[in-house]
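Structure, as structure tokens:
Rule-based calculations on the coordinates, nothing more; no lab input. From a predicted model like this one, the values you see are computed outputs, not experimental measurements. With ideal geometry, Cβ positions are generated from the backbone for all residues, glycine too; neighbour counts draw on all protein chains shown.
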Amino acid sequence: MINDTKTGANLPLRERPIDIFFMAVFSLFIITSCIADMIPTLGIDFNQPSSNFIVNSNYWYAHDTDPLFQNPPVWMRIVTGLSAFVYMPFYIMLVLSLWRGWNRIQLPSVIYATMIAGVTGIIVFGVEFFGEPEWRTPNPVKFLLFNSPYVLLPLLLLVRMRKPLPFTRKF
């Protein structure tokens, strides 16, 4: 057992199945931050199919689903840049903290989850559903299937991290 505090002993990872789930999910988020969010942040065009797997993956998702993502205004490039260059390093630290039982990840997790809820959950989803017509999703089902986990799972992480010493309890 790893304990980075003087009070309470952490449960071993095998006794924290929700943390194993979070490790898997946020490991996938590391990959999707690289595949999806770096492309618009760096200004790479994906308005046409491409022989490049990463560019083509973004095209496949966005061409019929997400015009805001495919042709991002500057503010949206800032949002994708947060994911690529701020959230991705956080995901790496979170996965490591979940594995090692580092309770000090609690506050960064709360900050991250509230940022996601505000920026992605309210602003991006708001624009995609209620914003200017050119940015609205033409395919709400596909949009929600792909994007809801990036809001709902951080909110579940927020619930997980609601009390001090999160790794001293199962949930």
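Select from region 64-74 the residues that are part of a helix (DSSP H, G or I) and of a type in the set (V, I, T) and list them in ascending order.
V74
Tell me which helices (runs of 4 or more DSSP H) are completely within region 75-171 and hold 3 or more residues being touching a Gly at 6+ places or on another chain (Cβ under 8 Å), or say none if there are none.
Here the list is empty.
Can P108 be described as in contact with a helix residue (DSSP H, G or I) (Cβ under 9 Å, 6 or more places away or on another chain) and surrounded by 14 or more Cβ atoms within 10 Å (Cβ to Cβ)?
So P108 passes the test.
Could you please let me know if I44 is surrounded by fewer than 19 Cβ atoms within 10 Å (Cβ to Cβ), of a type outside the set (S, T, Y) and in a helix (DSSP H, G or I)?
In short, no.
Just need a number here: residues in region 112-151 that are among the aliphatic types (A, V, I, L, M), in contact with a helix residue (DSSP H, G or I) (Cβ under 9 Å, 6 or more places away or on another chain) and over 15 Å from V79 (Cα atoms).
1
Only residues that are in contact (Cβ under 8 Å) with a residue 12 or more places away in the chain and surrounded by fewer than 21 Cβ atoms within 10 Å (Cβ to Cβ): list them for region 92-102, please.
Scanning region 92-102 gives I92, M93, V95, W99, R100, W102.
From (1) surrounded by 14 or more Cβ atoms within 10 Å (Cβ to Cβ); (2) in contact with a helix residue (DSSP H, G or I) (Cβ under 6 Å, 6 or more places away or on another chain), pick out the condition that doesn't hold for Y61.
For Y61, the failing item is (2).
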